[in-house]
Amino acid sequence: MTTPIEQRRILRTAIPGPASAALHERKLASVSAGVSTGLPAYVVAGQGGILVDADGNQLIDFGSGIAVTSVGNGNQRVIDAVSKQIAEFTHTCFMVNPYEQYVAVAEKLNELTPGSHEKRTALFNSGAEAVENAVKVARHFTGKDGIVAFDHAYHGRTNLTLAMTAKNMPYKHRFGPFASELYRVPMAYPYRWPGGPQHCADEAFNYIVDQIHAQIGEENTAAVIIEPIQGEGGFIVPPAGFLKELAQWCAANNILFIADEVQSGFCRSGDWFASDYEGIVPDLITTAKGIAGGMPLSGLTGRADIMDTIHPGGLGGTYGGNPVACAAALASIETMEELNLAARAREIEAILRADLEKLAATYPQVGEIRGRGAMIAMELVTDRETKEPAAALTAAINKACHAQGLVTLTCGTLGNVFRFLPPLVISDDLLHEGMSILADAFAASV
Ligand code: PLZ
């Protein structure tokens, strides 16, 4: 057993404290300036909803390392599984000598992802790598080139996925040229849809399919890729029915529908996958982040007829489906099943929403509260009429939360969305305390 970390916030020094500041000096002298840190309090331990820093401060975690540690840091089942696996063997390369753990994760993904059809899975290391492989598979299977992505999309930082990611700063700026045959269409974003939220689903759908027809041609379009709830782009939830209509149109036009569930998957949104809530069955689905309790692992799961058209050796990589990461995934998935973390995500939503509604009733800067499960956000504006994005206010609140030992994250193409991604095992007490810190931070920043 690891030493239990009391699930409460403790502030011993300023955040960051002197030990973190010293480490940060070393970071600045050794790590590329291109790799920045949101809150430079250096972590030495973590469990459940708490991160401990180098100065002994205990921080409340509302970020889960960007939606990764859904089962919590220090999850005993993950620790045991990983320790056992490390003692047995750490690596063979599945393409050289296979092992059961990889197969077991593939079986689980095939079982849990939407749809009861025959499926196949391939495992990789990062979300971006899963998305890259989704594009490779879609092009190979359809014999077509065009890939359609959305405004506010985030699919990764590799060259091909950057072509799909919508935001220039900091991701794309001066890193091009990017991969070709990637096209962008507007996102069905109810809060900012010009014709108003009630017309967003239909107008967006009609506009998008017209654009694909006119600019690419259905016969040249391999796939449409979408995050069922957009993550980095601002936790944008498309209007009810939009995803279903789009998926049906894709099917009718021999275009694959790819759901990027790297951020929204694995109980985060209150279901196993955000696609489940909308009742959509993607042809291909990408997963990562929450799948393996913090170990690097990602998956591409899809219709067997699509995934099995690839020639032997066409998919792979040295580390993809590493046995230690697979052991962590199996333990994480078991934890999610046993604790019913999808239901817990919905409870977290209820707690967070109640407090966010209070903020919205007090501050006109809260433009919209949205999201599902433990993937909730508020979009901040300077004025509810003009909806002018309040990026500076968002950054100020974030900074004020950090100073009080609450690890928070922002997002949004315009930097004006404040998001909540706590571990799904966090206690109610920590959620309430975090929300009261947020309320103080809001009051001090407006
Ligand atoms: N698809 C939907 O959210 C990763 C990125 C953080 P990787 N999002 C966090 C950052 O600034 O780099 C993400 C995602 C969706 C793909 C990815 C990419 O996953 O594991 O970071 O490659």
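The values are calculated or read from the model by the stated rules, or taken from the named source; none is laboratory data. None of these values were measured; they are calculated from a predicted model. Quick reminder, even Gly has a Cβ in these numbers, built from the backbone with ideal geometry, and neighbours come from all protein chains shown. These accessible areas exclude ligands, DNA and RNA; they are computed on the full protein's heavy atoms, side chains included. Shrake-Rupley method; radii C 1.70, N 1.55, O 1.52, S 1.80 Å.
To the nearest 20 debye, what charge dipole does region 78-339 have about its Cα centre, counting +1 at the Cβ of each Lys and Arg and -1 at the Cβ of each Asp and Glu? Intermediate values should be presented prior to the final figure.
Details: 17 positive and 30 negative charges, 169 e Å.
So the dipole magnitude of region 78-339 works out to roughly 800 debye.
Quick one: compute a quarter of the convex hull surface over the Cα atoms of the chain and quote it in nm². Working shown, then result.
On the way: hull surface 84.1 nm².
Averaging across all directions leaves 21.0 nm² for the Cα convex hull.
In region 78-339, Rg over Rh equals 0.97, where Rg is the alpha-carbon radius of gyration and Rh the Kirkwood radius from pairwise Cα distances. Between Ser83 and Ile10, the contour length at 0.36 nm per residue exceeds the alpha carbon distance by 23.3 nm.
Under 5 Å between amide hydrogens, built in the peptide plane, is the criterion, and for Gly367 it picks out Glu379, Leu380, Val381 among residues at least 5 positions away or on other chains.
Where in the chain are the DSSP H helices whose C-alpha atoms run 27 Å or more along the long axis and whose mean Kyte hydropathy is at least -1.0? Before the final figure, lay out the partial values.
Values: long enough: 341-362 (32 Å, 0.21).
Qualifying helices: 341-362.
Residue by residue, region 5-14 carries 3J(HN,Hα) couplings of 9, 4, 7, 8, 6, 9, 10, 9, 9, 4 Hz when phi is fed to the Karplus relation 6.51 cos²θ - 1.76 cosθ + 1.60 (θ = phi - 60°); x denotes Gly or Pro.
The three principal axes of the Cα atoms in region 67-201 give end-to-end lengths of 57, 38, 34 Å, sorted in falling order. Evaluating 6.51 cos²θ - 1.76 cosθ + 1.60 at θ = phi - 60° for every residue in region 299-314, the Karplus couplings come out as x, 10, 10, x, 3, 4, 5, 6, 5, 8, 7, 6, 5, x, x, x Hz, glycine and proline recorded as x. Cross-link check: pairs Lys119/Lys244; Lys358/Lys387; Lys289/Lys358 evaluated at a Cα-Cα cut-off of 22 Å; pairs beyond the cut-off: Lys289/Lys358.
In order along region 414-425, the Karplus-derived 3J(HN,Hα) couplings, from 6.51 cos²θ - 1.76 cosθ + 1.60 at θ = phi - 60°, round to 9, x, 10, 10, 9, 10, 10, 9, x, x, 6, 9 Hz, and Gly and Pro are given as x.
Quick check for me: using +1 on Lys/Arg Cβ and -1 on Asp/Glu Cβ, what's the dipole size of region 295-446 about its Cα centre, in debye to the nearest 20? If you can, show how the numbers build up before the last one.
Numbers: 11 positive and 18 negative charges, 61 e Å.
Charge dipole of region 295-446: 300 debye, to the nearest 20.
Taking amide H as placed 1.01 Å from N in the peptide plane, the amide H of Val148 sits under 5 Å from that of Tyr183, Ala223, Val224, Ile225, each at least 5 places away or on another chain. Within the listed set Ser298, Ser64, Ser126, the Gaussian network model of the chain (springs between alpha-carbon atoms below 10 Å) gives the highest mean-square fluctuation for Ser126. Among Glu88, Glu227, Glu337, the residue with the largest mean-square fluctuation in a Gaussian network model of the chain, with springs joining Cα atoms closer than 10 Å, is Glu88. When only the Cβ of Lys, Arg, Asp and Glu is charged (+1, +1, -1, -1), the dipole of the chain relative to its Cα centre reaches about 1000 debye. Take every DSSP beta bridge whose two residues both sit in the chain; close to 65 percent of them are antiparallel.
Measuring with a 1.4 Å probe in the full set of protein chains, what accessible area per residue, in whole Å², belongs to the chain?
On the way: 18030 Å² over 446 residues.
Per-residue accessible area for the chain comes out at 40 Å².
Convex hull volume of the Cα atoms of region 205-331, normalised per residue: 135 Å³.
Taking the DSSP beta bridges in region 78-339 as the whole, what percent of them are antiparallel, to the nearest 5? Could the numbers behind the result be given before it?
Details: 10 of 24 bridges.
Around 40 percent of the beta bridges assigned by DSSP in region 78-339 are antiparallel ones.
Give the carbon-plus-sulfur fraction of the accessible surface of the chain in %, rounded to a whole number; probe 1.4 Å, heavy atoms of protein chains only. Don't jump to the answer; show the numbers that get you there.
Details: 9650 of 18030 Å².
Carbon and sulfur: 54 percent of the exposed surface of the chain.
Taking H as built 1.01 Å from N, whose amide H comes closer than 5 Å to the amide H of Ser298, not counting residues under 5 places away? Close amide H contacts, sequence-distant or interchain: Phe124, Asn125, Ser126, Gly321. When each of the peptides 306-316, 376-386, 410-420 is scored by how many other beta carbons lie within 10 Å of its residues on average, the order from highest to lowest is 410-420, 376-386, 306-316. For a test of the definition: using alpha carbon positions, the gyration tensor, and the 1.5 limit on a/c, classify region 131-255 as rounded, prolate or oblate. Oblate is the answer for region 131-255, as a/c is 1.5 or above yet b/c matches or exceeds a/b.
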